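Take a look at the structure set out below.
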Ligand SMILES: [Zn+2]
């Protein structure tokens, strides 16, 4: 069930899951088999394994049994003859996101029907987080622009950035 919600396929797998009674959260740990053959995420060419990213990262996932759920993983790196060392993206993440794809999709579904403030309470995450998810789905060019601050000339990006900062009236998510 958990593997399915994370879109994990062989060679990715769940190494463990644990309930944290102090924080009242569920932690799920994901790994990839040591002998997994991984293609270069940039060019699709064959690669050699090149260890793992230095620190474990965490992503907010959809609630499990009404408890917030977090996924933890150290993604592998590969060395491509053409592209050099590349960080592999996990199946459940969009690059540079701190939320799983399922969580983002669920958040978008909630925000179609309820105001962001209420969605924030339902999803137990802050409004700024929801605003950033909305930005990425409604205006994909924001993603590229957000990686190079100050370079965006997209008008809708500017509008959404203002909304994100609470300087304009909150529009509804596009259906
Ligand atoms: Zn490559």
Which one is farthest from the ligand (Cβ to nearest atom), of the residues in the range 47-59 that are more than 16 Å from residue 11 (Cα to Cα) and not in a loop (DSSP other than H, G, I, E, B)?
-> 58
Would you please name the residue that is farthest from residue 19 (Cα to Cα), looking only at residues in the range 50-83 that are touching a residue at least 60 places away in the same chain (Cβ under 8 Å) and surrounded by fewer than 18 Cβ atoms within 10 Å (Cβ to Cβ)?
-> 63
Residue 86, sole failed condition from (1) modelled with pLDDT of 85 or more; (2) crowded, with 18+ Cβ neighbours inside 10 Å; (3) in a loop (DSSP other than H, G, I, E, B) | (3)
For the subset of the range 36-46 comprising residues that are in contact with a strand residue (DSSP E or B) (Cβ under 9 Å, 6 or more places away or on another chain), more than 12 Å from residue 89 (Cα to Cα) and in a loop (DSSP other than H, G, I, E, B), which member is farthest from the ligand (Cβ to nearest atom)?
-> 36
Can residue 112 be described as away from the ligand (no atom under 16 Å from the Cβ) and surrounded by fewer than 18 Cβ atoms within 10 Å (Cβ to Cβ)?
-> yes
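Test residue 73 against the criterion of being at pLDDT 95 or above and closer than 15 Å to residue 103 by Cβ, and give yes or no.
In short, yes.
The values are calculated or read from the model by the stated rules, or taken from the named source; none is laboratory data. Bear in mind the structure is a predicted one, so any value in this text is a computation, not a measurement. Every residue, glycine among them, receives a Cβ derived from its backbone with ideal geometry; neighbour counts consider all protein chains shown.
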